[in-house]
Amino acid sequence: MSRIDTLMGKMTLAEKLGQLTMAASSYTVTGPIIAGDSTDAIKAGTIGNLLNMVGAAHVRQMQRLAVEESRLGIPLLIGLDIVHGHRILFPVPLGEASLFDPETWALTARESAMEAAAEGLAMTFAPMLDVARDPRWGRSAEGPGEDPWLGARIAEAKVRGFQGADLAAADALAAVAKHYCAYGAVTAGRDYASVDISARTLREVHMPAFEAAVAAGVAAVMPAFTDLAGIPMTANKELLRGWLRGRWGFKGVIVSDYNAIAELINHGIAADLAEAAAHALNAGVDIDMMADAYRHGLPIALERGLVAMAQIDESVRRVLTLKEQLGLFDHPYRRGTTPESNATLTQRRRLARAVGARAIVMLKNDKETLPLPASLRRLAVIGPLADAPAEMRGPWWGAADTEGHVSVLSGLRAMLPHSQVLYVPGVAIESEDVSGIAAAVDLCATVDAIVLCVGEAAVMSGEAASRAHLDLPGKQREFAEAVLERARASAKPVIAILFSGRPLVVPWLVESADAVLAAWFLGSEAGNSISDVLTGRVSPSGRTPVTWARAEGQIPIFFGERPSGRPANPKDHFTSKYLDVANEPLFPFGHGLTYGLFVYSNLRVTPADVEDIDTIQIRVDVRNVGARAAQETVFLFTHDKLASVARPLLELKGFTKIDLRPGETGSVSLSLPATELRFLGPELEPVFEPGEVEILVGPCADRSRLLVGTIRLSWSRPC
Ligand code: NOJ
């Protein structure tokens, strides 16, 4: 008999429900309900999983209670959100998406897993895979951006990185793909609000990243807090049992979000905790995080006949199986026994610095303002985010302390020891006080260049951080405008560094500053990463994974829009446009300047006649006509112009990178299996339709900048 069968035979109902319960330890608070002391319950075997605990000693102490003092000695599964690093932080996920580099996406997850596992943790509630096309939603910061294909690539890379080759390894974490599904489509971008989208949008936009995570072997999935057209995801049988388990064959654990089962009462589909618990269990949720609905509600639900014992057993078996796969039964203390060496930590910091620099998106660089000239003698580094090391962590900092992160000021001072780097904050982000503006403006007249560090406070994005106004918060606009005016009058260049967990809506700033960098929140090494780019030590290469709006009224805005029957035409009143703002975004998806300048030519697409079994080969020449070496990211899009269903104007299907010295030409290749051109037909089933498809290649999702080729699709044999 297997270990799990033997255990199942011995477990009481209370012990079984313990395995289906995850309670918070008091280290960090990530939700509204704070559990009391779990010690006695762990010893009694009635709490089997924990979250929000850090520190190897603490973790070990709790694990010891379960393994050595509970009747059956079943180890705890201990998890934490490790969204972009544990103690050493990498860029927030939206920033890291800007790298368009699957190997690095996997590597930072691997490093985060190693760091967290070295403290005894075995599960991370990551990656967050919610496609977000509405930057009002603060959780955009945690996710892959606006594109489903990109989301799927990030999903695969992150699962591979967190879990490694073997879940039982001492440095592997069980990943949790979250939040299934369509959480990013909350009404009006307001966190936790209702989601009501078409079945097609659900399938085409919000599900692919989760399907990719499942195909990559993700250990667990977390349903979203939200409802989908009236059915809360925590109780959504069709999407959990039907799609996730049924169609995609997911065999892992489904762990609820924080208190989400009890919140089924607020959603208005459960009268009490017993009904809520029954809904969730029936839909396939195995672990109840923080609602304590399973321990208190399921016994009553059993009595009322709302659930069957077999369903409880099925979930318990899945949880025990995951614990076994993680090696927790055989080696409960394997994780957390060997602290990492200082050399490892130094190496990781180096990686964070390099990744941070590559996540920066240079939105504008007029007259080659950047990199800063070596002759620079006096530099003003001003603004509320210029010397704000703790803010650099972004909205989610795992176990990272407030200390030990690098601000822009200290990064620049270290990089420019022979220049005078002068600092004044000007204003605070969340204050109405404008008395500091004058000093900042005065300073500007005395320097060679101004680095203006503005944006959101870290906590203005992330969970429960929706914003209706996406301009600079507080008095920063007044401050920045005063600085820009003085700088213009004295012909001093202004480089704006924008910190945010989302694309902000700042056309006025982009218009007036000489250079603008989107620095997201870059993590522990932020100031060094930014200094590397400012000084030219690193040539910027990040590309935005989200469209930047020029007005909040354009939101939601994304490149994968479908064609209109009345496409915008300035000469025709009755066409699809605004009266008061252009349709075009401020910056399209994929935009990002480098210190080089690239020209595309000679697009070759073969074969021209493509059968469903073929792979399309795409080649294009890229020449660096700029004065500096740089890396170009080349995007591949398709457009199916005539199909049974209106297809998006552009669909992302690939990207690649090329490094070129000044004057150098290189050619890049991309391949696209024809099967990738399938889409969901009128009945929402995949179809492959013969006909013409455009292949578009270039630097971003601005059609006017793409080279276009055409292929003709046909079946390899008549059907
Ligand atoms: C709530 C968040 O929605 C989820 O992403 C997170 O994993 C849990 N809290 C646990 O902290």
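For region 356-554, with every protein chain kept in place, what is the accessible area per residue (1.4 Å probe, Å²)?
33
Where does the chain land at 222 nm, in deg cm²/dmol rounded to the nearest 500, when only DSSP H runs of n ≥ 4 count, each adding -39500 (n - 2.57), divided by all residues?
Calculated mean residue ellipticity at 222 nm is -7500 deg cm²/dmol.
Could you compute the FRET efficiency for Leu680 and Tyr333, with r as their C-beta to C-beta distance and R0 at 41 Å, rounded to 0.05?
Calculated transfer efficiency: 0.25.
Once ligands and nucleic acids are excluded and a 1.4 Å probe is used, how much of Glu238 is accessible, expressed in Å² to the nearest 10?
130
Do me a favour and compute the ellipsoid semi-axes for region 24-170 from its Cα gyration tensor, root of five times each eigenvalue, largest one first, whole Å.
Taking √(5λ) for each Cα gyration eigenvalue gives 31, 17, 12 Å.
Å³ per residue of the Cα convex hull, for region 356-554?
Output value, Cα hull per residue: 114 Å³.
In terms of the ratio Rg/(2.2 N^0.38 Å) built on C-alpha atoms, what value belongs to region 87-206?
Relative to the rule-of-thumb radius for its length, region 87-206 sits at 1.08.
Send over a whole-number figure in Å² for the accessible area per residue of region 598-713, probe 1.4 Å.
44
Once neighbouring chains are kept in place and the probe is 1.4 Å, which whole percent of the accessible area of the chain is contributed by carbon and sulfur?
52
FRET efficiency for Asn602 and Arg661, Cβ-Cβ distance as r, R0 = 22 Å, nearest 0.05?
0.70
For the residue pair Ala390 and Leu72, what label-to-label distance in nm results when each label sits 7 Å from Cα along the Cα-to-beta-carbon direction?
Placing both labels 7 Å along Cα→Cβ, they lie 4.3 nm apart.
Using alpha carbons only, how many angstrom separate the centre of region 521-583 from the centre of region 65-144?
Spelled out, the Cα-based centre of one part sits 27 Å from the other.
For region 598-713, what is Rg from Cα atoms divided by 2.2 N^0.38 Å, rounded to two decimals?
In units of the globular-protein estimate, region 598-713 measures up at 1.14.
Where the centre of each part is set by its Cα atoms, how far does region 633-652 sit from region 192-236, in angstrom?
Value for the Cα centre distance between the two parts: 23 Å.
Please compute the net charge surrounding Met290, taking Lys and Arg as +1 and Asp and Glu as -1 over other residues with Cβ under 11 Å from its Cβ.
Once all neighbours under 11 Å are counted, the net charge is -4.
Could you check the spin-label model distance between Glu611 and Met309? Points 7 Å from the Cα along Cα→Cβ, value in nm.
Going by the 7 Å Cα→Cβ label model, 5.9 nm.
Using only the alpha carbons of the chain, what is the convex hull's orientation-averaged projected area in square nanometres?
Convex hull of Cα atoms, orientation-averaged projection: 33.1 nm².
The values are calculated or read from the model by the stated rules, or taken from the named source; none is laboratory data. This one's a predicted model, so the numbers in the text were calculated from it and none came from an experiment. Glycine gets a Cβ as well: all are built from the backbone with ideal geometry, and neighbour counts include every protein chain shown. Ligands, DNA and RNA are stripped out before the accessible areas are found, and what is left, the full protein with its side chains, is counted by its heavy atoms. Shrake-Rupley method; radii C 1.70, N 1.55, O 1.52, S 1.80 Å.
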